[in-house]
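Accompanying notes for the structure given below.
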Amino acid sequence: MSVEEAAKYVAAAYAVILAALAAWTIWSARRVNALQREVRLLAEEIERRGAGGGGA
Amino acid sequence: MSDRDERSGQVPARATPQAAPTAGVGGPLGAAALVVYAIVALTGGLLLAFWWAPTADEMGGFAQKIFFYHVPIAETALVAFAVAFVAGIMYLARRDARYDRLGLVAVRLGLLFSALVMATGMIWGKAAWGVWWTWEPRLTTFLIACLLYCGYFVLRATVEDESRRATYAALFAIIAFVDVPLTFFATRLVPEGSQLHPVVVTTTGTGMDTAVLVPLLICMLGMTLLFAGLLRLGVATEALREELAVLKDRLER
């Protein structure tokens, strides 16, 4: 197999790896950020209700 | 979750905005830092693989360059399943939900890396051997491992009780791990003529040129660091999800 032909397979393999790993990493980081934000908001809401002296 | 404060109805201390369970994301050994170290190692290893390492004709010529990420990804997949195995044992011994979370995230990442091994292996196989797939020992045992660990998620989805789910998942991760050494030693257990994967590491050494071994080891380090970073990120995510469930439960009361 020529280098040019093999290069297509090599490029395809690395493209699959890099795309999958980058997508997973970005998705995981965004999910942590979104959850952190949601936890912070809920905790603040609970604190606010607690300070107001009432429950839901 | 054991942290719920049923008696007082107060928000537990670690559910405050400052104490959200995100430990493991920041810091010099946190997820973000580990991912950065991994990117540096993987980029360096790849540059060396392309500009320093010679091309081995017997391994598919230029297509052999796939080897420098394919092998580290395979190693990382097996490490991930080993982490799930240890987490399973630790969960059964201590009944601590943290080990259940660790096992869950490790299996999830193990499957991600396994899927990448299969994909890159098929591409390399087509280039080097002329076939996308062949039923040889290493490929078959790896496929069995993938299917087994898919079953882990099916099991988790079918058990509602948290404690029972964690126990069954831990047992499953321990039993499924039997396939991992089989996968690793598959190339050594059968005669060389009946398989396509070469035996690279033997008792007498790796048989690899330094210019091949060094980039490979750097890529292995990078992939392991990436796994560690993603593992910490995943565990933090699962902890946050549980924290969120506790807070929502508290808010509804």
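The values are calculated or read from the model by the stated rules, or taken from the named source; none is laboratory data. Quick caveat: nothing in here was measured; it's all calculated off a predicted structure. Virtual Cβ from ideal backbone geometry, glycine too; neighbours counted across all protein chains shown.
Of the residues B:TRP133, B:TRP124, the single one that is within 21 Å of B:VAL71 (Cβ to Cβ), within 14 Å of chain A (Cβ to nearest Cβ) and more than 16 Å from the chain's Cα centre (by Cα) is B:TRP124.
For B:ARG7, the criteria (1) more than 11 Å from chain A (Cβ to nearest Cβ); (2) in contact with a helix residue (DSSP H, G or I) (Cβ under 8 Å, 6 or more places away or on another chain); (3) modelled with pLDDT under 95; (4) more than 23 Å from B:LEU216 (Cα to Cα) hold in every case but one, which is (2). Restricting the search to the range A:7-52, which residues are at pLDDT 90 or above, more than 7 Å from chain B (Cβ to nearest Cβ) and over 24 Å from B:ALA33 (Cα atoms)? A:LYS8, A:ALA11, A:LEU41, listed by residue number.
Of the helices (runs of 4 or more DSSP H) lying entirely inside the range B:151-253, those containing at least 1 residues that are farther than 24 Å from B:LEU111 by Cβ and either among the charged types (D, E, K, R) or at pLDDT below 90 (or both) span B:179-189, B:210-252. Kindly provide the set of residues from the range B:206-235 that are within 11 Å of chain A (Cβ to nearest Cβ) and either surrounded by fewer than 20 Cβ atoms within 10 Å (Cβ to Cβ) or in contact with an Asp or Glu (Cβ under 9 Å, 6 or more places away or on another chain) (or both), ordered by number. Passing the criteria: only B:MET223. Per this entry, A:GLU4 is counted among residues that are more than 7 Å from every other protein chain (Cβ to nearest Cβ) and either part of a helix (DSSP H, G or I) or of a type in the set (S, T, N, Q) (or both).
Just to be sure before I move on: is B:THR134 of a type outside the set (A, V, I, L, M, F, W, C), out of contact with any His (no Cβ under 7 Å at 6 or more places or on another chain) and outside any helix (DSSP H, G or I) in the structure I sent? It is true that B:THR134 is of a type outside the set (A, V, I, L, M, F, W, C), out of contact with any His (no Cβ under 7 Å at 6 or more places or on another chain) and outside any helix (DSSP H, G or I). Hey, could you check the range B:75-96 for residues that are crowded, with 16+ Cβ neighbours inside 10 Å and without any contact (Cβ under 8 Å) to a residue 24 or more places away in the chain and say which is nearest to B:THR141 (Cα to Cα)? Once the filter is applied, the top-ranked residue is B:VAL86. Which condition number does B:PRO72 fail, the rest of (1) under 12 Å from B:LEU216 (Cβ atoms); (2) surrounded by 21 or more Cβ atoms within 10 Å (Cβ to Cβ); (3) modelled with pLDDT under 95 being met? Of (1) under 12 Å from B:LEU216 (Cβ atoms); (2) surrounded by 21 or more Cβ atoms within 10 Å (Cβ to Cβ); (3) modelled with pLDDT under 95, only one is false for B:PRO72: (3).
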